[in-house]
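Undergrad: What follows is a single structure, and I will ask about it in a moment.
The values are calculated or read from the model by the stated rules, or taken from the named source; none is laboratory data. In this text, all values refer to a predicted model and were calculated from it rather than measured experimentally. No Cβ is skipped: glycine too gets one built from the backbone with ideal geometry, and neighbour counts run over all protein chains shown. Ligands, DNA and RNA are excluded from the accessible area calculation, which covers all protein heavy atoms including side chains. Shrake-Rupley method; radii C 1.70, N 1.55, O 1.52, S 1.80 Å.
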Amino acid sequence: MSKEIYLTGITTTGTPHLGNYVGAIKPAIEASQNKNNQCFYFLADYHALIKCQDPTLVRQSRMEIAATWLALGLDVDTSVFYRQSDIPEIQELNWILSCVAAKGLLNRAHAYKALVAENETSGTKDPDKGITMGLFCYPVLMAADILMFNANKVPVGKDQIQHIEMTRDIAARFNYIYGEFFTLPEAQVEESAAVLSGLDGRKMSKSYNNTIPLFTPEKKLRKLVMKIKTNSLEPGEPKDHKTCTLFQIYSAFSSSTEVERMRQQYADGIAWGEMKQTLFEKLNNELAAPRERYESLMEQPTRIEEILLAGRDQARARAKPLLEQLREAVGIT
Ligand code: TRP
């Protein structure tokens with residue numbers, strides 16, 4: 001049986017936080033342990049340029065994200081782990097796809113439409129004010145990432161589903177014009193993965209500035225957990241676990257028996273201070289070992305570089321022959 005090609009990209013902006021871990025990294029690493037999948041995981045550093053024009057931050061974040069995935073146990077002997085920018089074939093395919101992608105399709109992208117709507121409500125004359133071609137064409141580059149490896153399944157968050165639909169559209173159009181070269185990918189949305197709340201109770205997200213960085217040092221981790229917003233119920237008063245950020249984060253890291261026990265403690269009126277201490281210990285226990293690996297990797301940039309270059313070679317070995325065929329098909333030889 002041939003393996004399912006499982007592919008996803010991580011935009012390299014910011015520092016990975018608990019929400020990224022629970023919602024994306026953990027399920028992706030679990031999927032890579034399934035022998036029926038061949039995984040391609042990559043650092044989408046060219047996508048990062050759309051959001052971040054500070055070269056130091058782009059470099060830093062790329063390093064941190066690479067080290068994070070390795071520290072959490074991604075096995076690079078069975079998965080292909082690489083940087084988008086190391087695969088020139090993706091950029092070439094990006095252009096080829098740009099020439100079949102309908103502009104009207106891209107006009108409908110949520111991310112682009114949201115910015116246009118903002119300009120319109122702010123009363124600016126130009127609805128495209130401040131919007132780069134990079135942002136507008138973002139879904140085409142994403143299609144190139146996916147189609148370059150003929151991925152079957154693309155694990156993504158809900159906000160990315162539209163991009164996978166666009167990828168299918170672009171692939172189908174190419175296939176119709178030039179012949180069946182591309183597999184139509186499917187989005188794989190982890191319905192079971194929790195969407196974590198952050199310090200202020202809203203969804204944990206860099207844009208809300210309410211995150212707990214995954215590998216923050218122990219002291220800082222304790223401080224942040226103590227800062228998580230609760231209500232003013234006293235010890236001994238029953239508490240609602242359903243609306244509680246502490247409980248929600250605790251659950252994402254605990255077995256169902258532990259969760260059940262904690263639910264009882266909420267009903268019995270656990271004190272917030274005690275709950276925060278329990279949550280801190282839980283997180284710290286789970287994260288201490290990978291944190292140590294992470295810190296050690298961050299001190300060995302050449303080790304990370306070697307791993308990524310090995311990934312590049314594996315990825316290019318796949319990409320090159322397909323790109324040759326595609327060039328031939330469109331009449332560029
Ligand atoms: N756009 C994705 C995000 O921001 C990242 C990404 C880039 C990606 N290329 C991809 C995801 C290809 C899946 C497949 O989350």
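Undergrad: Based on this model, can you work out whether TYR138 counts as more than 12 Å from the ligand (Cβ to nearest atom), surrounded by 14 or more Cβ atoms within 10 Å (Cβ to Cβ) and among the hydroxyl-bearing types (Ser, Thr, Tyr)?
TA: Taking the combined requirement at face value, the residue does not satisfy it.
Undergrad: Determine which single condition ALA66 fails, assuming it passes every other condition in (1) touching a strand residue (DSSP E or B) at 6+ places or on another chain (Cβ under 7 Å); (2) open to solvent by 20 Å² or more (accessible area, probe 1.4 Å); (3) among the aliphatic types (A, V, I, L, M).
TA: Going through the list (1) touching a strand residue (DSSP E or B) at 6+ places or on another chain (Cβ under 7 Å); (2) open to solvent by 20 Å² or more (accessible area, probe 1.4 Å); (3) among the aliphatic types (A, V, I, L, M), ALA66 breaks only (2).
Undergrad: Condition first: within 11 Å of the ligand (Cβ to nearest atom) and closer than 13 Å to LEU106 by Cβ. Now tell me which residues in the stretch 141-165 satisfy that.
TA: Matches in the stretch 141-165: LEU141, MET142, ALA143, GLN162, HIS163.
Undergrad: Among the residues of the stretch 38-48, what is the count of those that are farther than 20 Å from ILE304 by Cα and either within 12 Å of the ligand (Cβ to nearest atom) or open to solvent by less than 20 Å² (accessible area, probe 1.4 Å) (or both)?
TA: Filtering the stretch 38-48 down to residues farther than 20 Å from ILE304 by Cα leaves 38, 47.
If we keep only those that are either within 12 Å of the ligand (Cβ to nearest atom) or open to solvent by less than 20 Å² (accessible area, probe 1.4 Å) (or both) as well, we get 47.
So the answer is 1.
Undergrad: Next question. Taking the residues in the stretch 184-243 that are within 25 Å of GLN264 (Cα to Cα) and polar (S, T, N, Q) as candidates, determine which candidate is modelled with the lowest pLDDT.
TA: SER192
Undergrad: Output the residues belonging to the stretch 180-211 that are without any contact (Cβ under 8 Å) to a residue 24 or more places away in the chain, open to solvent by 40 Å² or more (accessible area, probe 1.4 Å) and not hydroxyl-bearing (Ser, Thr, Tyr).
TA: Once the filter is applied, which keeps residues that are without any contact (Cβ under 8 Å) to a residue 24 or more places away in the chain, open to solvent by 40 Å² or more (accessible area, probe 1.4 Å) and not hydroxyl-bearing (Ser, Thr, Tyr), the stretch 180-211 yields GLU180, LEU184, GLU191, ARG202, ASN209.
Undergrad: Next question, about the same structure. Going by the conditions given, is ILE177 in contact (Cβ under 8 Å) with a residue 12 or more places away in the chain, over 25 Å from LEU43 (Cα atoms) and more than 13 Å from the ligand (Cβ to nearest atom)?
TA: yes
Undergrad: In this structure, is GLY104 surrounded by 18 or more Cβ atoms within 10 Å (Cβ to Cβ), at negative phi, more than 13 Å from the ligand (Cβ to nearest atom) and at pLDDT 95 or above?
TA: No.
The rows are residues; the columns are (1) among the hydrophobic types (A, V, I, L, M, F, W, C); (2) over 25 Å from LEU43 (Cα atoms); (3) touching a residue at least 12 places away in the same chain (Cβ under 8 Å); (4) not in a helix (DSSP H, G or I).
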| residue | (1), (2), (3), (4) |
| --- | --- |
| LEU105 | yes, yes, yes, no |
| ALA117 | yes, yes, no, no |
| GLY123 | no, yes, no, yes |
| LEU135 | yes, no, yes, no |
| MET142 | yes, no, yes, no |
| ASP145 | no, no, yes, no |
| ALA151 | yes, no, yes, yes |
